[in-house]
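Written out below as structure tokens is the structure these notes cover.
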Amino acid sequence: MKRDANRVGIVDARGRYIAGVVLITAGYSADGKYSHYLVLQAPVQIGGVALKPGAYVFGWTRSGTGDILTVHFNLAATGEQLGTADATRIAGSSRVESLRIWPPEEKALIQIGRFGMSYKLGNP
């Protein structure tokens with residue numbers, strides 16, 4: 001997989017991509033429930049959440065001491081919640097990213113702000 005410098009995402013040797021964008025969630029209708037949109041052409045496991053190819057939205061809440069974000073994944077079309085994963089503060093990281101998806105051969109990490117959650121690509 002390689003990372004496209006102009007987009008938040010990665011593409012594998014077969015041309016399948018994993019990409020995401022930050023949503024503009026200002027206004028009362030958003031309620032802060034979703035902060036990001038994710039499109040997958042390959043299965044991915046993030047924490048204990050297995051996601052099939054498709055479109056998803058996710059958001060987060062701060063947990064405990066503030067060193068963990070609880071990220072909740074939902075189907076984009078219906079809003080049905082599929083599960084949660086923890087994003088932890090990235091040690092030694094001073095760079096803040098609204099969203100960054102690292103290629104698996106580098107870190108296999110999805111970064112939100114100063115927090116990251118590991119992911120694993122599923123079988124085709």
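The values are calculated or read from the model by the stated rules, or taken from the named source; none is laboratory data. Keep in mind that what you see is a predicted model, and the values were worked out from it rather than measured. Note: ideal-geometry Cβ built from the backbone for every residue, glycine included; neighbour counts use all protein chains shown. When the accessible area is computed, the model is the full protein with side chains, heavy atoms only, and any ligands, DNA or RNA have been set aside. Shrake-Rupley method; radii C 1.70, N 1.55, O 1.52, S 1.80 Å.
Charge tally for residue 122 (other residues, Cβ to Cβ under 13 Å; Lys, Arg +1; Asp, Glu -1): +2. Here the extension length gained between residue 37 and residue 96 equals 19.4 nm, from 0.36 nm per residue of separation less the Cα-Cα distance. Here r is the Cβ-Cβ distance between residue 81 and residue 120 and R0 is 22 Å; the resulting FRET efficiency, rounded to 0.05, is 0.60. Note on residue 63 and residue 14: the extension gain reaches 13.9 nm, defined as 0.36 nm multiplied by sequence separation minus the Cα-Cα distance. Note on residue 94: accessible area is roughly 100 Å² with a 1.4 Å probe, heavy atoms of protein only.
For the chain, the carbon plus sulfur part of the accessible surface works out to 52%, probe radius 1.4 Å. Taken along the Cα-to-beta-carbon direction at a fixed 7 Å, the label points for residue 89 and residue 106 span 2.4 nm. When the Cα gyration tensor is reduced to axis lengths a ≥ b ≥ c, the ratio a/c is 1.5 or higher for the range 61-124, and with a/b not above b/c it is classed as oblate. When the residues 36, 72 are ordered by accessible surface, computed with a 1.4 Å probe over the protein chains alone, the sequence from largest down reads 72, 36.
Accessible surface calculations at 1.4 Å, restricted to protein heavy atoms, place the chain at 57 Å² per residue.
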